[in-house]
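In what follows, a single structure is set out as structure tokens and then discussed.
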Amino acid sequence: MKVYHSTEQMPAFRNAVVTIGTFDGVHIGHQQILTQLKQEAERIQGETVIITFHPHPRKVVAAGQAPVYLINTIEEKIELLEKNGIDNLVIVPFTEAFSQQTPEEYCEHFLIEKFHPHTVIIGYDHRFGKGRKGDYKLLEDYSARLGFELKEIPAHVINESTVSSTRIREAVLGGDIGLAKSLLGYDFFFEGKVVEGNKLGRTLGYPTANLQRTTEEKLVPGNGVYAITVVLPSGETKQGMMNIGVRPTVDGTKRMIEVNIFDFNQDIYGAVLRVYVQKYLGGEQKFNGLDALKQQLSVDKENVLRFFTPSS
């Protein structure tokens, strides 16, 4: 997959089959669109072209409101779209000036002038341009005038699984990891850099890697205990358990992400780990002392191991 970070560096695409969206999550609803995109490109011997935006448009048009936590960083989105067999990804810098284009300017000077599409595939509810006033009907008018094909992704395709990035975010934050996986089509994951902690876990017999998110805009699960798999810098995958929270037993106040990697005892300070979240085991609790906490850690580990090796 070729990746372009502006419209200035793009080549002339061959019979470009284009779709547009934020594609946060690259979830099963998005994957249906990608399948249609690839089928159409194959039919006309063209190239698939995805137009997406960075930063997320809501960070620009709704700046100062509630923060937008993303299911995927831009690097993760690139990785997932490449796995889906897309030919070209164009990441358009989303700025205040870009958001102020009229729908007509967007169509003429952005979509048509820059991409010269053979075919545009777009959701029935797609909106664009200043005030989100551009819609499918406007694209239909341009299609008739300028001769590119326009194909609609109908409501039942988009809505039949009621997949939305918002629903996935809610599932991840609420501990419904199974639902998140079914909507994403893959295990939710995030990355974090291993930073110095207070080494309490080590004294309890459960050494933890304290993770600092690689970007603050990345979504992480809500507080609680989780079964996880961890990809180490070597590429090896290990099982483990994770606690996210403020550690009330030791009067903690700062929210932390702590990962106990099973059968592993190496110094990995400064390394970046990828964590795949497998199952929510329960909420964070306050225990009556460290002995009770240690006992619970033993129970949590047993539960995680049982999850990974269910009895037949």
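Below is a table of values for the structure above.
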{"item": "Under 24 Å from Lys130, Cα to Cα: lysines that are on another chain or at least 8 residues apart", "result": "Lys59, Lys114, Lys151"}
{"item": "Directionally averaged shadow of segment 13-147, computed from the convex hull of its alpha-carbon atoms, nm²", "result": "8.0"}
{"item": "Added length on full extension, which subtracts the Cα-Cα distance from 0.36 nm per residue, Lys137 to Leu173", "result": "9.3 nm"}
{"item": "Gain in span if fully extended, Lys286 to Glu42, counting 0.36 nm per residue against the direct Cα distance", "result": "82.1 nm"}
{"item": "Given charges at beta-carbon only (K, R positive; D, E negative), |dipole| of the chain in Debye", "result": "700"}
{"item": "Highest to lowest packing among 23-36, 105-118, 292-305, scored as the average C-beta count within 10 Å", "result": "23-36, 105-118, 292-305"}
{"item": "Ordering of 227-237, 263-273 by burial proxy (mean other Cβ atoms within 10 Å per residue, highest first)", "result": "227-237, 263-273"}
{"item": "Inter-probe distance in nm under a simple model that places probes 7 Å from Cα toward Cβ, at Val272 and Phe98", "result": "2.2"}
{"item": "Peptide ranges 187-196, 13-22 listed from the most packed, as the mean C-beta count within 10 angstrom indicates", "result": "13-22, 187-196"}
{"item": "Solvent-accessible area per residue, Å², over the chain with all protein chains present [probe radius 1.4 Å]", "result": "50"}
{"item": "Selection from Gly185, Ala16, Ala271 lying farthest towards where the dipole of the chain points positive, charges on Cβ", "result": "Ala271"}
{"item": "Over the chain: helical MRE at 222 nm, DSSP H runs n ≥ 4 each giving -39500 (n - 2.57), nearest 500", "result": "-8500 deg cm²/dmol"}
{"item": "Computed FRET value (nearest 0.05) for Gln32 with Ala12, which takes r as the C-beta separation and R₀ as 25 Å", "result": "0.30"}
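The values are calculated or read from the model by the stated rules, or taken from the named source; none is laboratory data. Because the structure is predicted, anything quoted here is derived from the model rather than measured. Counting neighbours? That spans all protein chains shown, and the Cβs are built from the backbone with ideal geometry, glycine included. Protein only, heavy atoms only, side chains kept; ligands, DNA and RNA dropped before computing areas. Shrake-Rupley method; radii C 1.70, N 1.55, O 1.52, S 1.80 Å.
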